[in-house]
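Enquirer: Please see the structure below; I have some questions.
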Amino acid sequence: MTLPGSPFLSWRGQELFLENVKLADLVRQHGSPLYVYSRRAMLAALAPYQRALQGRPHLICYAVKANSNLAVLQTFAQAGCGFDIVSAGELARVLAAGGDAAKVVFSGVGKTRSEMAQALQAGVKCFNVESTAELEVLSQVAAGLGLTARVSLRVNPDVDAGTHPYISTGLKGNKFGVAHDQALATYRRAATLPGIQVVGIDCHIGSQITDVSPYLDALDRVLDLVEAIEAAGVTIHHLDLGGGLGITYTDEQPPKADELIAQLLAKIDARGHGQREVMFEPGRSLVGNAGVLLTEVLFLKEGEQKNFCVVDAAMNDLMRPALYEAWMGIVNTQQRSDGTLTWDVVGPVCESGDWLGRDRSLAVQAGDVLAVLSAGAYGMTMASNYNTRGRAAEVMVDGSQTWVIRERETVEQLIANERLI
Ligand code: LLP
């Protein structure tokens, strides 16, 4: 049985292991549903980014939204990464995990004044500003505090990343970024504002991108702008090319990070921009295939039209299938040799959209532990408490060692902030 995209997952006999840890045992110890991540897989995914950028000024800013567990952030902080954040909450996580504010870029189309102030006081490296209106407010907040906001404009290069419409961000019709034809005027404006210092340019065109060409197109558009902006007398120090590199969920063949970066750097050099600091904001490609969601089979319901395998994880634990019709691999952590049927793997939540996988061929019995693969990114971070379901526990694996890096949420915690009238 193949395990798409997950080099640290393996079969030992009939049992599924992550590194040296038998996954079914983790559920016995810590309950179900359970997110499990491989620390080595994360570092192995980071290595090609680091290798490709070695020897030139660069910063890899892990996109916290992909997986914001403190131990995950700690792993990347210790490996030298900076962070891409989108809220004061994510900033607090980075600082709690030992991350360096001076390596943080603050992205997002709707930063509040209070979030701007917190980020300024923490001393973040850069605000990726997405509109003129945001720029004006940031100027007021910074000047009011007697601080300077270092900014990049997130420019919208109007290229099609060829990905799911919900996670495509670089097209004219998206809410993200400053339109390409407005960018020069906005940079000119930025250069005149108190409390603002222009330091770079930023672009992020989408997520789960499996081709190099949209990146190269976007880079050309960005470099055109850099040349125009500098000709107008505003200096650009860094190029932030965003995140978005895809992973293998099933049979996708995204470029390897080092190959992608080599091509981008070649273009940067060829166009005479080799002296600039280069930044990336990868999320999914660092953590997606490092994690699985383990879930126990509650009941099997064989029907006339469909067979349902009811598990104890649901759309509140892993939203990607319900929200994007995302296909994520599902395997039994203890392979059975007989009784394979086609199942819809569904959760207990009261919605027909509550499924984790449809029409999956599985040999399964009640009590088995299934693993949803490639669940390290946008799994736990998008979990909710719908149906008053506490969020899953999380475990980190490194070799044979395991740590509970987040306790399972209790009902007491869920209702603690509520009051009777
Ligand atoms: N930088 C910015 C400004 C972003 O908006 C994002 C992701 C990233 C970096 C990281 O992108 P990545 O390398 O992870 O593709 N929930 C969706 C994905 C949403 C991505 C949002 N922005 C999913 O589960 O597929």
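The values are calculated or read from the model by the stated rules, or taken from the named source; none is laboratory data. Since the structure is predicted, the reported quantities are computational estimates derived from the model, not experimental observations. Cβ placement follows ideal geometry from the backbone for every residue including glycine, while neighbour counts extend to all protein chains displayed.
Enquirer: Assuming Leu260 fulfils every condition listed in (1) away from the ligand (no atom under 12 Å from the Cβ); (2) in a helix (DSSP H, G or I) apart from one, which condition is it?
Expert: Condition (1) is where Leu260 drops out.
Enquirer: Let me ask something else about it. Out of Arg389, Arg358, Arg406, report the one residue that is surrounded by fewer than 20 Cβ atoms within 10 Å (Cβ to Cβ) and in contact with a Leu (Cβ under 9 Å, 6 or more places away or on another chain).
Expert: On the way: Arg389 fails: surrounded by fewer than 20 Cβ atoms within 10 Å (Cβ to Cβ); Arg358 fails: in contact with a Leu (Cβ under 9 Å, 6 or more places away or on another chain).
From the options Arg389, Arg358, Arg406, the qualifying one is Arg406.
Enquirer: Here is a follow-up. Name the residues in region 102-130 that are over 13 Å from Arg154 (Cα atoms), hydroxyl-bearing (Ser, Thr, Tyr) and within 16 Å of the ligand (Cβ to nearest atom), would you?
Expert: None; the set is empty.
Enquirer: Any idea which residue in region 288-300 is nearest to the ligand (Cβ to nearest atom), counting only those that are assigned to a strand (DSSP E or B) and among the aliphatic types (A, V, I, L, M)?
Expert: Within region 288-300, the match that is nearest to the ligand (Cβ to nearest atom) is Leu293.
Enquirer: On to the next question. Having 1 or more residues that are more than 16 Å from the ligand (Cβ to nearest atom), small (Gly, Ala, Ser) and within 22 Å of Asp398 (Cα to Cα) is the bar; report the strands (runs of 3 or more DSSP E) wholly within region 1-101 that clear it.
Expert: Details: elements: 9-12, 15-18, 34-38, 58-63, 82-85.
Here the list reads 9-12, 34-38.
Enquirer: While we're here: Taking region 266-284 only, how many residues are more than 16 Å from the ligand (Cβ to nearest atom) and either surrounded by fewer than 18 Cβ atoms within 10 Å (Cβ to Cβ) or outside any helix (DSSP H, G or I) (or both)? Spell out how you get there, then give the answer.
Expert: Initial filter on region 266-284 (more than 16 Å from the ligand (Cβ to nearest atom)): 266-277.
Pick out the ones that are also either surrounded by fewer than 18 Cβ atoms within 10 Å (Cβ to Cβ) or outside any helix (DSSP H, G or I) (or both) and you get 266-267, 269-277.
Of the residues in that region, 11 qualify.
Enquirer: Within region 351-359, identify whether any single residue is at pLDDT 95 or above and in a helix (DSSP H, G or I), and answer yes or no.
Expert: Taking every residue of region 351-359 in turn, none turns out to be at pLDDT 95 or above and in a helix (DSSP H, G or I).
Enquirer: I would also like to ask the following. Would you confirm, using the coordinates I've provided, whether Leu356 is aliphatic (A, V, I, L, M), assigned by TED's automatic domain parsing to the domain that holds Leu293 and within 28 Å of Glu304 (Cβ to Cβ)? Step through it out loud before you land on a result.
Expert: Values: aliphatic (A, V, I, L, M): yes; assigned by TED's automatic domain parsing to the domain that holds Leu293: yes; within 28 Å of Glu304 (Cβ to Cβ): yes.
Criteria met by Leu356.
Enquirer: Which one is nearest to Gln197 (Cα to Cα) among residues in region 242-254 that are within 13 Å of the ligand (Cβ to nearest atom) and more than 15 Å from the chain's Cα centre (by Cα)? Please lay out each step first, then the result.
Expert: First, the residues of region 242-254 that are within 13 Å of the ligand (Cβ to nearest atom): 242-247, 249, 252, 254.
Then keep just the ones that are more than 15 Å from the chain's Cα centre (by Cα); that gives 252, 254.
Values: Glu252: 41, Pro254: 36 Å.
Taking the candidates together, the pick is Pro254.
Enquirer: Which of the residues that make up region 7-30 are surrounded by 14 or more Cβ atoms within 10 Å (Cβ to Cβ) and of a type in the set (S, T, N, Q)?
Expert: Answer for region 7-30, where residues must be surrounded by 14 or more Cβ atoms within 10 Å (Cβ to Cβ) and of a type in the set (S, T, N, Q): just Asn20.
Enquirer: Out of contact with any Phe, Trp or Tyr (no Cβ under 7 Å at 6 or more places or on another chain) and either at pLDDT 95 or above or not polar (S, T, N, Q) (or both): is that true of Gly390 in this structure? Before the answer, list the steps.
Expert: Details: out of contact with any Phe, Trp or Tyr (no Cβ under 7 Å at 6 or more places or on another chain): yes; either at pLDDT 95 or above or not polar (S, T, N, Q) (or both): yes.
Yes.
Enquirer: Given the criterion touching a residue at least 40 places away in the same chain (Cβ under 8 Å), among the polar types (S, T, N, Q) and more than 25 Å from Ser285 (Cβ to Cβ), identify the matching residue among Ser207, Ser152, Ser131. So that I can check it myself, show each step before the final result.
Expert: Details: Ser207 fails: more than 25 Å from Ser285 (Cβ to Cβ); Ser152 fails: more than 25 Å from Ser285 (Cβ to Cβ).
Within the list Ser207, Ser152, Ser131, the selection yields Ser131.
Enquirer: How many of the residues making up region 301-346 are outside any helix (DSSP H, G or I) and either buried (at least 17 other Cβ atoms within 10 Å of the Cβ) or small (Gly, Ala, Ser) (or both)?
Expert: Applying the first criterion (outside any helix (DSSP H, G or I)) to region 301-346 yields 301-319, 325-346.
Keeping just the survivors that are either buried (at least 17 other Cβ atoms within 10 Å of the Cβ) or small (Gly, Ala, Ser) (or both) gives 303, 307, 309-319, 326-334, 337, 339, 343-346.
Total satisfying the criteria: 28.
Enquirer: Picking from Val137, Val129, Val151, which residue would you name as being modelled with pLDDT of 95 or more, aliphatic (A, V, I, L, M) and touching a Cys at 6+ places or on another chain (Cβ under 7 Å)? Talk me through it step by step, then tell me what you get.
Expert: On the way: Val137 fails: touching a Cys at 6+ places or on another chain (Cβ under 7 Å); Val129 fails: touching a Cys at 6+ places or on another chain (Cβ under 7 Å).
Unique residue meeting the criteria: Val151.
Enquirer: Quick one: in region 182-239, which of the residues that are crowded, with 23+ Cβ neighbours inside 10 Å and of a type in the set (Ser, Thr, Tyr) is nearest to the ligand (Cβ to nearest atom)?
Expert: Ser207
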